[in-house]
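The values are calculated or read from the model by the stated rules, or taken from the named source; none is laboratory data. It should be emphasised that the depicted structure is a prediction, and the values quoted were computed from it without experimental measurement. In this analysis, Cβ positions are derived from the backbone assuming ideal geometry, glycine residues included, and neighbour counts consider all displayed protein chains. Quick note on the areas: whole protein, heavy atoms, side chains included, nothing else; ligands and nucleic acids left out. Shrake-Rupley method; radii C 1.70, N 1.55, O 1.52, S 1.80 Å.
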Amino acid sequence: ALACSTPPEGRCRWTLNLLRDKMIELKYIDNISRTSVHYALKK
């Protein structure tokens, strides 16, 4: 759902790094790699 939402101000789309940082900021997860975000989105 986060990847489909409006990207942060000043950005035209979500990147894997932005998604990772936002997930950690929102406390969805303590730590996650960029690759893990990629695999999750691929599924």
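Structure data summary
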| item | result |
| --- | --- |
| Mean ellipticity per residue at 222 nm, deg cm²/dmol - from DSSP H runs of n ≥ 4 across the chain, formula -39500 (n - 2.57) | -12500 deg cm²/dmol |
| Karplus 3J(HN,Hα) series, Hz, for the stretch 18-26 with 6.51 cos²θ - 1.76 cosθ + 1.60 (x for Gly, Pro) | 5, 4, 4, 4, 5, 4, 5, 4, 7 |
| Fraction of accessible area attributable to carbon and sulfur, the chain (%, probe 1.4 Å) | 50 percent |
| Rg to Rh, two decimals, where the chain supplies the alpha carbon set and Rh follows Kirkwood | 0.94 |
| HN-Hα J in Hz across the stretch 33-43 - Karplus 6.51, -1.76, 1.60, θ = phi - 60°, x for Gly and Pro | 8, 4, 5, 5, 5, 4, 5, 5, 6, 5, 5 |
| Per DSSP, loop chymotrypsin sites (Phe, Trp or Tyr not before Pro) in the chain with at most 15 further Cβ within 10 Å | 28 |
